[in-house]
Structures are given as structure tokens and as C-alpha cells.
1. Restricting to region 136-177, count the residues that are closer than 30 Å to residue 64 by Cα and either within 16 Å of ligand 1 (Cβ to nearest atom) or out of contact with any Lys or Arg (no Cβ under 8 Å at 6 or more places or on another chain) (or both).
2. Please work out which residue is nearest to residue 74 (Cα to Cα), limiting yourself to region 170-183 and to residues that are surrounded by fewer than 24 Cβ atoms within 10 Å (Cβ to Cβ) and not aliphatic (A, V, I, L, M).
3. On the basis of being at pLDDT 95 or above, within 16 Å of ligand 2 (Cβ to nearest atom), more than 20 Å from the chain's Cα centre (by Cα) and not polar (S, T, N, Q), does residue 273 make the cut?
4. Are any of the residues in region 277-291 near ligand 1 (Cβ under 10 Å from one of its atoms), under 30 Å from residue 165 (Cα atoms) and not in a strand (DSSP E or B)?
5. Tell me whether region 202-214 contains one or more residues that are in a strand (DSSP E or B) and not assigned by TED's automatic domain parsing to the domain that holds residue 357.
6. Residues that are touching a Gly at 6+ places or on another chain (Cβ under 8 Å) and of a type in the set (S, T, N, Q): does region 206-215 have at least one?
7. Step by step: first the residues of region 353-365, then only those that are more than 9 Å from ligand 1 (Cβ to nearest atom) and of a type outside the set (A, V, I, L, M), then the one that is farthest from residue 256 (Cα to Cα). Which residue is that?
8. Among the candidates 292, 303, 275, 280, single out the residue that is without any contact (Cβ under 8 Å) to a residue 60 or more places away in the chain, surrounded by 15 or more Cβ atoms within 10 Å (Cβ to Cβ) and of a type in the set (Ser, Thr, Tyr).
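The values are calculated or read from the model by the stated rules, or taken from the named source; none is laboratory data. What you see is a predicted model; the values in this text were computed from it and never measured. No Cβ is skipped: glycine too gets one built from the backbone with ideal geometry, and neighbour counts run over all protein chains shown.
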Amino acid sequence: MTGAGTPIPVMIDVDGLDALIAALAAEGREVLGPVRRDGALVFEPIGAAGELPRGWVDEQSGGHYRLKKEGTAFFGATNGPQGIKRILHTPHQRLWRTEGSGDATEIIPEPLDDTRRAVIGARACDLAAMAVQDRVLMEGTYGDPHYAARRGSLFVVAVNCTRAADTCFCASMNTGPKATAGYDIALTELEGGRFLAVSGSDAGAAMLSGLPSAPASAAEEAQAEEAIEGARDQQRRIDTDGLPQILKTRPDHPRWSEVASRCLNCANCTMVCPTCFCTTVEEVSSLEGPETERVARWASCFTVDFSHIHGGAVRAGAKSRYRQWLTHKLGTWVDQFGELGCVGCGRCISWCPVGIDITEEAAALRREEG
Ligand code: SF4
Ligand code: SF4
């Protein structure tokens, strides 16, 4: 994305949102938006604004996620379990497969995904997480061409949060609730199916200029800012001051044993986390023939195999695995990337089956006595 000068806010209505979806589809894009499936929000192909979860909000707390009817907003519900990570850094990616056998065996690299996509409803925390993934998967020595291909053709329509879940703490992490980068267009939903829209790239500006819109008034701009500030005020907080040093210097803190006694090592927290990027590589042979494929799939530092080296696993117990995860997210990530590895989306709190809460654990580890 390139800069688009000073973005001039405009107002679009539901017809404008429909026109946006239609225009993105007309560019040959698969348009993904949040939809309700099996009681949660997931990103799936949509063809009209009417498919968005209008009139639904989320209820989230430790180990708890529910959608419920409330209000009339299209984007009233905050994050579901899936972020946009799943679109770009897929849970399962074939790398190559074989054809033939013996001396005639041929290795066929997996072609890059050339599907052009647009995502509608990306939140600020997820865009901050996408920046993390960009750095790891595109800018490192060993980039992932499959990620780069999907990322390069993604058009992002962000939605600034005007409501926070009880688990949200992006304001503490300086990643939200307003999107500041990584989008082509950002929307802020106002009452009555109206959206204040700004462009964040040349492509976004060109797209917006083709939609039915009206200039945004100063009052509408102020209303949008007030709504975003309202979401900021609703959030819980986490004190990150000096946290990396605290975590790195307290490997024997009694809290690690306490949390290990509750942790199931299910890996849910790493699966829903938008910044977790680890993968493992497997070769899979077909049962009926000589075909073999190599796949990369999401890995988790909560599994025993993750730290397996000759002689066994380095992190054999729940205590060392949870400590590794939290110390990386809120400690050593800063040494590695210059920033914290948590964007405050709160997903690991809601989707932990026993309700282990990263903000509570960080606060407890800050206390000397646990
Ligand atoms: S650690 Fe938890 S709150 Fe932080 S980004 Fe990951 S899932 Fe979200
Ligand atoms: S902290 Fe919760 S979600 Fe993460 S592995 Fe332990 S039980 Fe599972």
C-alpha cells in the first residue's frame, strides 16, 4: 500500500457498502467478511452487506464467547476466534507433492495462490498483528512465498471499533481501537447504517472515489471519534511498564506453577492468537499409492513435540511451556522484534477452555509474591 495523501473522510450508507462489495468483486476479488457460523463470527465470502451480522454483538470473558442479538449495527460484534491471519497464513499449506515413483519421481512445487481477495471488517488489533506477520513471513531471511502472494493481493477494509468486548485491551498495547495503518479503506460505523470512510492507500482512494458518497461533516467526524473513544474507555487495561524485564527475571515465580496446574496444554491460545506464526513441516504419504506431499501446518509451543530435540523435549511440562509462551509474547519478543508480541485482541482469554487470562497472569507475575 502506498500513501494516499491526506485522506478526506466521506460518508457512505448501506447502498454504498453494497457498492463497495460489488466493486471489489468486479475487480475479480473474493470478498470476505464476518458472518455468523456455528455461534461465532468467521470470515467467509460475502456478496452483499445483508450477509454481515447486523444486530449481533459478542459477549466475551475468560473461557466464554457468545453472540447475542443487540442493536442494529453491522459491525457491533468485535473479534471472533479467527483473525485475518487465517486468510494469509493458512493453518495448512502444501509445499510440494510428488508424482511418479522410483527414478521417475518428480517433485511438483505447490503453485502460489493467485486468488485476489478483499477482507471487510479487519480490526485495528488484527492489522497490527498482520504487520508482525509481514515482518516474520516476508521480511526475514527465509520468507514464505505463499504468504507473500496472498498478502500482496489483499485489499483491506478496516472497521474501527466503536464497541469493545470485556476481553479487549488493544488500547494498552497501542494497537487500537482505531486503525492507523495497514488498510486501504477504514470505516467507522455511525448510527443508522452510516459509515465514515477514509482511504489509506491509492487503491483505497480510487475505490472510494467510485462509490456513492457525500462529504463528511465536522459533526460526523466528531461523532466517529467519540464512538472510537467510547470503545477505548470500555476496555480493560494491562500494565506493560517494565513487563519484559519482570518476566525475564522471574523464571521461578510461584505463579508459573499455579497457572500450570490449570493449563490443559490444549494450544487453543496459540491457535487463535493473531501474532503466533510458528509452523511445523510434515511429509504425508498416501495409503493407496506412492504419492507424497510436504505440508506446513500451524505449530504451538504448548505441544511436547515443539521443543523436541535429540534426547527428548526441552519443555516437558505445562509450567515451562506456559512460561515460554508468555515470556516470549510479553518479554523476549521485544529483543527479537523491538515491540511486544501481543496486540491485545483478547482471543486467548475467551478461547482458553479454563479461562486463563493473560492480563491477570501478567499482573500476578508483576507482584513479587504471585
Ligand atoms: S496473546 Fe492473546 S490477547 Fe495477545 S494478541 Fe495473542 S491472542 Fe490476542
Ligand atoms: S493457557 Fe488455556 S488455551 Fe492456552 S494451552 Fe493452556 S488451557 Fe489451552
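1. From region 136-177, those closer than 30 Å to residue 64 by Cα are 156-177; that's our starting set.
Next cut, either within 16 Å of ligand 1 (Cβ to nearest atom) or out of contact with any Lys or Arg (no Cβ under 8 Å at 6 or more places or on another chain) (or both) only: 156-157, 161-177.
Total satisfying the criteria: 19.
2. Residue satisfying both the conditions and the ranking: 178.
3. On the way: at pLDDT 95 or above: yes; within 16 Å of ligand 2 (Cβ to nearest atom): yes; more than 20 Å from the chain's Cα centre (by Cα): no; not polar (S, T, N, Q): yes.
Criteria not met by residue 273.
4. Going through region 277-291, the residues near ligand 1 (Cβ under 10 Å from one of its atoms) turn out to be none.
Among the residues of region 277-291, not one is near ligand 1 (Cβ under 10 Å from one of its atoms), under 30 Å from residue 165 (Cα atoms) and not in a strand (DSSP E or B), which makes the answer no.
5. Narrowing region 202-214 to residues in a strand (DSSP E or B): 214.
Applying the additional criterion that residues be not assigned by TED's automatic domain parsing to the domain that holds residue 357 yields 214.
Taking every residue of region 202-214 in turn, at least one turns out to be in a strand (DSSP E or B) and not assigned by TED's automatic domain parsing to the domain that holds residue 357.
6. As a first pass, look at region 206-215 and keep what is touching a Gly at 6+ places or on another chain (Cβ under 8 Å): 211-213.
Filter once more, so that each one left must be of a type in the set (S, T, N, Q): 213.
Checking region 206-215: at least one residue is touching a Gly at 6+ places or on another chain (Cβ under 8 Å) and of a type in the set (S, T, N, Q).
7. Step one: filter region 353-365 for residues more than 9 Å from ligand 1 (Cβ to nearest atom), giving 353-357, 360-365.
Subset that is of a type outside the set (A, V, I, L, M): 353, 355, 357, 360-361.
Numbers: 353: 18, 355: 15, 357: 13, 360: 12, 361: 9 Å.
Per the criteria, the residue is 353.
8. Details: 292 fails: without any contact (Cβ under 8 Å) to a residue 60 or more places away in the chain; 275 fails: without any contact (Cβ under 8 Å) to a residue 60 or more places away in the chain; 280 fails: surrounded by 15 or more Cβ atoms within 10 Å (Cβ to Cβ).
From the options 292, 303, 275, 280, the qualifying one is 303.
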